[in-house]
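In what follows, a structure is listed as structure tokens, so that the remarks can point back to it.
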Amino acid sequence: MPREARATDRRYDFHMKVAFIGTGRMGAGMARNLAAAGHEVTAYNRTREKAEGLGAAVAASPAEAVAGCEAAFTMLADDHAVEEVVFGAKGIAGVLPKGAVHISSSTISTALARRLAEQHADRGEGYLSAPVFGRPEAAEAGKLLVVAGGAAEIIDRFRPLFDAIGRQTFVAGPEPWQANAVKVCGNFMIASMIESFGEAYGTLRKASIDPHLFLEVMSALFGSPVYANYGRIIADEKFEPAGFALKLGLKDMRLVLETAFECTSAMPFASVLRDRLVDAVGHGQGERDWSSVALWGR
């Protein structure tokens, strides 16, 4: 099928057997798009109901989900959840079929990414990091940005899967953990934008200026859907349901600071953002969208 046709028709003239573990708000859309592209998907989620209705078979455990697969995606909340699915009882480590590759799309620490690469290699299994940028609506629309890290030949092998879930794939480098460094630094940039909007809107409201007017100006200035989306959420103060929970944003600021420490690189504003998020969690905002940090001081 010509490459240009893929933007409108996501079905390919071949398919892969794919396990998808973690079908929450992000993972559900990703798994659904993989199935819609013609891939044979088996899904697993701790809450079984969330794995149903995706056009995929439903497995009773991670180990069962990866039986016969060529690629096993994980899209989970944090390091602990990934470790449990990979190394825990009925986990996927050691039971992936020969030639199969674990593709982690979770936002995890660079340290865990290195451990996953080492542990899978020790078992003769493949591993890629492929975290994504985008909110649940982008996942549903297949418009995520994919950042892949790992051996070039493995990334090329699975590009059809990345094409099915995203609008563009970037290669961070030959080491999987490099993709995770891109992801946590990217989330730091988004958090910085959220903080900027919150502070600017606070001043503008006191100046009797409609934040929506300011949002129009900034959207024209920056021309970014990320600015437009988050600017609207903050202006409207529509923080529920959360597209990305604030407690996960706090986790990501911790991860970016850990990465900076590993690289002996100073990120002083990331420390400020972490403290803002800690304060918001302390005020009961952990389950609200992370853009609700903009309510700080009100």
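Here, each number is a calculation from the coordinates, and none is a lab measurement. Because the structure is predicted, anything quoted here is derived from the model rather than measured. We place every Cβ from the backbone using ideal geometry, glycine too, and count neighbours over all the protein chains shown.
Couple of notes before you dig in:
- Anchor residue 90: lysines whose Cα lies under 30 Å away (excluding residues fewer than 8 positions away in-chain): 17, 50, 98, 183, 247, 251
- Computed over the chain, the per-residue total of -39500 (n - 2.57) for DSSP H runs of n ≥ 4 gives a 222 nm mean residue ellipticity of -15000 deg cm²/dmol, rounded to 500.
- Net length gained if the chain between residue 47 and residue 208 were fully extended (0.36 nm per residue, minus Cα distance): 53.3 nm
- For residue 135, neighbours were defined as the other residues whose beta-carbon sits under 11 Å from its Cβ, and their charges (Lys and Arg +1, Asp and Glu -1) total -1.
- Measuring r between the beta carbons of residue 89 and residue 265 and using R0 = 51 Å, the FRET efficiency lands at 0.85.
- Linear extension gain, residue 240 paired with residue 275, 0.36 nm per residue minus alpha-carbon span: 10.4 nm
- Rh by Kirkwood over Cα pairs, then Stokes-Einstein D for the chain at 0.692 mPa s and 37 °C, µm²/s: 165
- Simple Cβ-charge dipole of the range 181-295, Lys/Arg +1 and Asp/Glu -1, about Cα centre, in debye nearest 20: 80
- Diffusion coefficient, µm² s⁻¹, Stokes-Einstein with Kirkwood Rh over alpha-carbon pairs of the range 3-174 at 4 °C and 1.567 mPa s: 83
- Extension gain, residue 196 to residue 137: 0.36 nm times the residue separation minus the Cα-Cα distance gives 18.9 nm.
- Cβ-defined net charge surrounding residue 260, 13 Å radius [Lys, Arg +1; Asp, Glu -1]: -1
- Euclidean distance of C-alpha centroids, the range 201-264 and the range 141-184, integer Å: 25
- Efficiency of FRET from Cβ geometry, residue 232 and residue 15, R₀ 45 Å, rounded to 0.05: 0.75
- Rg followed by Dmax, in Å, when the range 181-295 is reduced to its Cα trace: 14.3, 45
- Cα centroids of the range 37-53 and the range 265-298: 33 Å apart.
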